[in-house]
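The block underneath contains the structure these notes are about, expressed in structure tokens.
The values are calculated or read from the model by the stated rules, or taken from the named source; none is laboratory data. This one's a predicted model, so the numbers in the text were calculated from it and none came from an experiment. Here the Cβ positions follow ideal geometry from the backbone for every residue, glycine too, while neighbour counts run over all protein chains shown. Each accessible area value is taken on the protein alone, full model and side chains, heavy atoms only, with ligands, DNA and RNA left out. Shrake-Rupley method; radii C 1.70, N 1.55, O 1.52, S 1.80 Å.
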Amino acid sequence: MREVGCSFLAAMRRLWSRLEWRLAAVSVCAAALVWAASSTSHASMLRERLFDVFASWFVEASATDPDLVVVEIDRASLKELGPWPWSRDLLARLVERVVSAQPKAVALDVLLEGPDRVARTSSALQVAALSGDAKPDDLTQRLLGGDQSMARSISNAPFVLGAALDPSPRHESTMLRPTLIHGTLDAHGLFRAGGLITPSPDLLSKAAGLGALSLLGDEDGVVRRVPMLAIADNRLVPGLTLELFRVASAQPLLVVDAVSRQLIIGQRSIAIGHEGLLRLAPHNPAVHQARRISAKSLLQHEAGIAERIQGKVVIIGGSAPELGGLQTLSSGQLVSSTALHADAYTLLASGRLLIRTEALRWFEIVSMFVGAGLATLAVMGYSPLCSGLLILGSAIGWIGCSAVVATLSGILIDPLAATIAAIVCLMAVGPMVESEHRRRAAGVKARFERHLAPAIVNRVVHQPERLKLEGEVRNVTALFTDIEGYTTMTERAEPTELIKVLDGYFDGLTSIAVS
């Protein structure tokens, strides 16, 4: 057993003595180091900012959706109608004005939790004054039942209400529409919450759908994704945007293909990925301004407002800071959650989705090791300058290909990981190869110096262009010698011993001839 162990160690030492095996080990270690570093928070944020640039190029062709309108409770509305929070009566009046314009579908980006706690009468009088109602007393009486008015309004259109994901467990009997799942859904990557904070059952019974309002920020606080699916109280909950898209598509149920991890809505298939999140593109303020309508303008019956809503998908929400729904973007800009939901709906409606799946992450890991391996081969086969230029050109090409793929298809591939792995491998392997070349050159020089004059060897080393491998005509003096019993000695001696004998013989003979 001891002999087997010694033989194994000897074999491993012989393998490690070869340069190729050492370089392979270093390249694997370099790729593994970059792989580990790519999982850190700093690397993730750098990757996300690069994806933000790719995403902005991808959505330029589909930046606006003419079928989407956003009704905003802005500062002008608060100034005219009173501070936030508004009474349920006033919200019901706003919803009624939207519904009366015959929209295709409506979503409310406001959580209607519990009963109305705000005084109603003053808000009703303000609405009466703005709308020109000649009988404010009748209007006040009609709006005293705020929840009833809201329920009546949302029942007149395909309406989606919002719910909040609650980290605390809630075991209430929330009225969620059933989801049809083909196969067994792996929900480990989906966002999980203890429960849902929902509107009252009276409102839910009149709504066509219920979606999660919550938005998830990254480690830097920037919102780049909108949940399409989440788990709350062990139930599958669609996001507000996805539920609005289902209702606008006139589909009774949400269908999930668990095998391919896709949502089936009518004729559309939407990849949900491992985390069930929809990647957003950078927000475009000009596009959002073109599709927004102030709640004040709608309640004041301004001309042309109802025509803009007819047959469109409408999202009602707030943009005023008083509503507390502002979110941070990568540019540092603050935008409302309603604007982000509108951006998400635009992506869903256009069918141009940004794709970032688990398979792509495995592809990136493989690309790190491939990049390190190619860098090793380049260093071994070319000079340091040529190998460096080759790796630099390959890195630029890889980054360019990733940008083109993201721009054309929305597939987000990290171009930095493989590039950094190749550069790290170049920095680690390059000195090793150069040191090995110098060591071998020094060995060859020492061997030639045993048989040739040192001056000749130095001239060949420092002036290799003077070496005529094809031959040349010169006047030389030749000395021929013979070793007695050489043939017999070569048959009996080991190769290493024979080389030592010949080296000694040539050293002695050369010293005599040169002197």
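Restricting to the stretch 228-282, what's the tally of residues that are of a type in the set (S, T, Y), surrounded by fewer than 21 Cβ atoms within 10 Å (Cβ to Cβ) and under 21 Å from the mean Cα position of the chain (by Cα)? Please lay out each step first, then the result.
Initial filter on the stretch 228-282 (of a type in the set (S, T, Y)): 241, 249, 260, 269.
Pick out the ones that are also surrounded by fewer than 21 Cβ atoms within 10 Å (Cβ to Cβ) and you get 249, 260, 269.
Now narrow it down to the ones that are under 21 Å from the mean Cα position of the chain (by Cα): 260, 269.
Residues in the stretch 228-282 being of a type in the set (S, T, Y), surrounded by fewer than 21 Cβ atoms within 10 Å (Cβ to Cβ) and under 21 Å from the mean Cα position of the chain (by Cα): 2 in total.
Could you check the stretch 105-203 for helices (runs of 4 or more DSSP H) lying wholly inside it with 3 or more residues that are crowded, with 20+ Cβ neighbours inside 10 Å and modelled with pLDDT of 85 or more?
Numbers: elements: 121-131, 136-143, 146-154.
The qualifying helices (runs of 4 or more DSSP H) are 146-154.
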Pairs where the first residue, in the stretch 311-337, is free of Cβ contacts under 8 Å to residues at least 12 places away in the same chain and the second is surrounded by 15 or more Cβ atoms within 10 Å (Cβ to Cβ) and of a type in the set (G, A, S), C-beta under 8 Å, 6+ apart: L326/S336; L326/S337
Every residue from the stretch 408-437 that is open to solvent by 40 Å² or more (accessible area, probe 1.4 Å), under 19 Å from C29 (Cβ atoms) and either touching a strand residue (DSSP E or B) at 6+ places or on another chain (Cβ under 9 Å) or hydroxyl-bearing (S, T, Y) (or both): S435
Matching strands (runs of 3 or more DSSP E) fully within the stretch 211-274 where at least 1 residues are farther than 27 Å from Q333 by Cα and of a type in the set (G, A, S): 229-232, 268-271
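Does the stretch 378-399 contain at least one residue that is assigned to a helix (DSSP H, G or I) and closer than 20 Å to A55 by Cβ? Spell out how you get there, then give the answer.
If we filter the stretch 378-399 for residues that are assigned to a helix (DSSP H, G or I), which is where we start, we get 378-381, 384-399.
Those still in the list that are closer than 20 Å to A55 by Cβ too: 398-399.
Looking through the stretch 378-399, at least one residue is assigned to a helix (DSSP H, G or I) and closer than 20 Å to A55 by Cβ.
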Extreme residue, least open to solvent (accessible area, probe 1.4 Å), among residues of the stretch 334-367 that are out of contact with any Ser or Thr (no Cβ under 7 Å at 6 or more places or on another chain) and assigned to a strand (DSSP E or B): V335
2 or more residues under 23 Å from S214 (Cα atoms) and modelled with pLDDT under 85: qualifying strands (runs of 3 or more DSSP E) within the stretch 285-333: 326-328
